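These notes are about the structure you will find just below.
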Amino acid sequence: MKTKDNLKITTKIKASERFLILSHVRPDADAAGSVLGLGLALKNLGKQVQMVLSDGAANFSYLPGSEGITRSPEGDVDMIVVVDCSDPHRVGEGLSGYGQPDLVVDHHKTNVQFGKFNVVEPDQVATTAILFDHMPTWGLGFDLGIATCLLSGIVGDTIGFRTPNVNSEVMRKTAALMDLGANLTDIYQEELVLKTFESLRYWGAGLGRLERKNGLVWTSLTLADRQEIGYAGNDDADLVNVLSSVKGTAIALIFVEQPQDKVKVSWRAKPGLDVSEIAFKFGGGGHAAAAGADFEGSLESIKQIVIQATQKLLE
């Protein structure tokens, strides 16, 4: 990012009192950690901060400040910040009536640069890693709570430091956050190890439908699965990461049926393949190795379209 933009961002932050921070629907640890890490730092300066996730933050109650997250904003604000989100549509209804964000901070390569200022660094492992670099420049400090939130995003998006983009710089940032008091063991347990009983039963429904062909592995989860099992989320409970661990798999796919004839699709790919291009073609986005998109249509029709398009990538 250009130095002049960094100075303008700093000036805007200093001049603003009322902040709105948002991220994408179906938030992951990087989304929640980014909203909270930045939000808590602004609160430490005495700013008024609304931290908004349209689907809530029920899965992130272990993060400091998570009780302050709301599902929708209200009232006037001086500065709007969107974090870990590649396009305005993925924010949900939170931006409705508020106009263009003042600042977008993101690490998705498919980001469409929809802010007045855009700090988009696709080489970073997580948006929280970008915030770690830039927050001091913007006049924002760290404490134990902020460090915990930022580290959770790094742990979550690297799947516990297992993604190909993890390097020594990432580990140095991790060490610095641990030096501030962030407990890596606790974060790892909460983010990657502990699962609810309902999540595992939900996995069972998906694993029972597992299919594969020519390096592609896929399955689906239905609305009926969620209702029968009592799974409260509208995501895949991270089952796609389990699918990607199948030996011989080049790409893993999961289809999650949503209300009103919609389907969420997630891709995971081995190094050397770029599934973000497929996702972007269908109005989604993400990274080379991990991407997603939302579709309108029946589960079976979307499966046919997406599997065909994904198989072409493998040919």
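Figures for the structure shown
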read-out: Region 78-99, residues that are in contact with a Phe, Trp or Tyr (Cβ under 7 Å, 6 or more places away or on another chain) and either free of Cβ contacts under 8 Å to residues at least 60 places away in the same chain or over 15 Å from Arg18 (Cα atoms) (or both); value: Asp87, Pro88
read-out: Residue list for region 234-274, restricted to those being closer than 16 Å to Leu210 by Cβ, within 19 Å of the chain's Cα centre (by Cα) and among the basic types (Lys, Arg); value: Arg268
read-out: Test: residue in region 269-286 that is among the small types (Gly, Ala, Ser) and in contact with a Leu (Cβ under 6 Å, 6 or more places away or on another chain); value: no
read-out: Residue check for Asp102: farther than 27 Å from Thr174 by Cα and charged (D, E, K, R); value: yes
read-out: Criterion: surrounded by fewer than 19 Cβ atoms within 10 Å (Cβ to Cβ) and under 19 Å from the mean Cα position of the chain (by Cα) - qualifying residue of Gly208, Gly160, Gly215; value: Gly160
read-out: Qualifying position, being surrounded by fewer than 21 Cβ atoms within 10 Å (Cβ to Cβ), within 25 Å of His89 (Cβ to Cβ) and in contact with a helix residue (DSSP H, G or I) (Cβ under 9 Å, 6 or more places away or on another chain), among Phe282, Phe255, Phe295; value: Phe282
read-out: Members of region 110-140 found to be within 19 Å of Ala29 (Cα to Cα), touching a helix residue (DSSP H, G or I) at 6+ places or on another chain (Cβ under 6 Å) and of a type outside the set (A, V, I, L, M), listed by number; value: Glu121, Gln124, Thr127, Thr128, Phe132
read-out: Elements of type strands (runs of 3 or more DSSP E) in region 226-315, at least 1 residues being within 22 Å of Asp106 (Cα to Cα); value: 262-269, 290-296
read-out: Unmet requirement for Val217, which otherwise passes all of (1) aliphatic (A, V, I, L, M); (2) out of contact with any Leu (no Cβ under 7 Å at 6 or more places or on another chain); (3) in the same structural domain as Leu299 (by TED's automatic domain parsing); value: (2)
read-out: Region 264-276 residues that are assigned by TED's automatic domain parsing to the domain that holds Glu296 and more than 14 Å from Asn241 (Cα to Cα), paired with ones that are assigned to a loop (DSSP other than H, G, I, E, B) and of a type in the set (Val, Ile, Thr) (beta carbon under 6 Å, 6 or more apart); value: Ser276/Thr110
read-out: Residue match in region 198-216 (condition: at pLDDT below 95, among the acidic types (Asp, Glu), over 24 Å from Leu144 (Cβ atoms) and touching a strand residue (DSSP E or B) at 6+ places or on another chain (Cβ under 7 Å)); value: no
read-out: Test: residue in region 34-51 that is touching a helix residue (DSSP H, G or I) at 6+ places or on another chain (Cβ under 9 Å), outside any helix (DSSP H, G or I), crowded, with 24+ Cβ neighbours inside 10 Å and touching a residue at least 60 places away in the same chain (Cβ under 8 Å); value: no
read-out: Some residue of region 106-122 being over 28 Å from Phe295 (Cβ atoms), surrounded by 20 or more Cβ atoms within 10 Å (Cβ to Cβ) and either under 19 Å from the mean Cα position of the chain (by Cα) or aromatic (Phe, Trp, Tyr) (or both); value: yes
read-out: Test for Trp267: is it crowded, with 17+ Cβ neighbours inside 10 Å, closer than 23 Å to Gln124 by Cβ and aromatic (Phe, Trp, Tyr); value: yes
read-out: Pick from region 68-100, criterion aliphatic (A, V, I, L, M) and in a loop (DSSP other than H, G, I, E, B), ranking: surrounded by the fewest Cβ atoms within 10 Å (Cβ to Cβ); value: Val77
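The values are calculated or read from the model by the stated rules, or taken from the named source; none is laboratory data. On a predicted model such as this, the values are computed, not experimentally measured, just so you know. We place every Cβ from the backbone using ideal geometry, glycine too, and count neighbours over all the protein chains shown.
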